[in-house]
1. Based on what the data block shows, is I11 under 18 Å from P68 (Cβ atoms) and either modelled with pLDDT under 75 or under 16 Å from the mean Cα position of the chain (by Cα) (or both)?
2. Taking the range 1-23 as the region of interest, how many residues are among the β-branched types (V, I, T) and in contact (Cβ under 8 Å) with a residue 12 or more places away in the chain?
3. Quick one: in the range 46-56, of everything that is in a helix (DSSP H, G or I) and at pLDDT below 75, which residue is nearest to the chain's Cα centre (by Cα)?
4. Would you tally the residues in the range 17-45 being modelled with pLDDT under 75, assigned to a helix (DSSP H, G or I) and either touching a helix residue (DSSP H, G or I) at 6+ places or on another chain (Cβ under 9 Å) or surrounded by 14 or more Cβ atoms within 10 Å (Cβ to Cβ) (or both)?
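The values are calculated or read from the model by the stated rules, or taken from the named source; none is laboratory data. Worth saying up front: this structure is predicted, and the values here are computed from it rather than measured. Please note: Cβ atoms are built from the backbone with ideal geometry, for glycine as well, and neighbour counts cover all protein chains shown.
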Amino acid sequence: MDILKVSCLYIYALVLFAVKNLNIYQTHTSIHGRNARLQNELHIPSVKLPSIQTGVSYSSITIFDQLP
């Protein structure tokens, strides 16, 4: 049947959002300005509001950075 579970569909949608909107995110190099081991990974903004932490743009960064 090849049908994904709902949790897998959510992760897939987050990754697609991150890939299609890479221009709205910042990398570690653009923030810190120096070469580092994680220079090409997306910068996760520090926020305290749970509504922002569970939002699409914030969640897509955390999922996208965990991909190999």
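1. Details: under 18 Å from P68 (Cβ atoms): yes; either modelled with pLDDT under 75 or under 16 Å from the mean Cα position of the chain (by Cα) (or both): yes.
The answer is yes for I11.
2. 3
3. Here the residue is Q53.
4. Residues that pass the stated criteria total 2.
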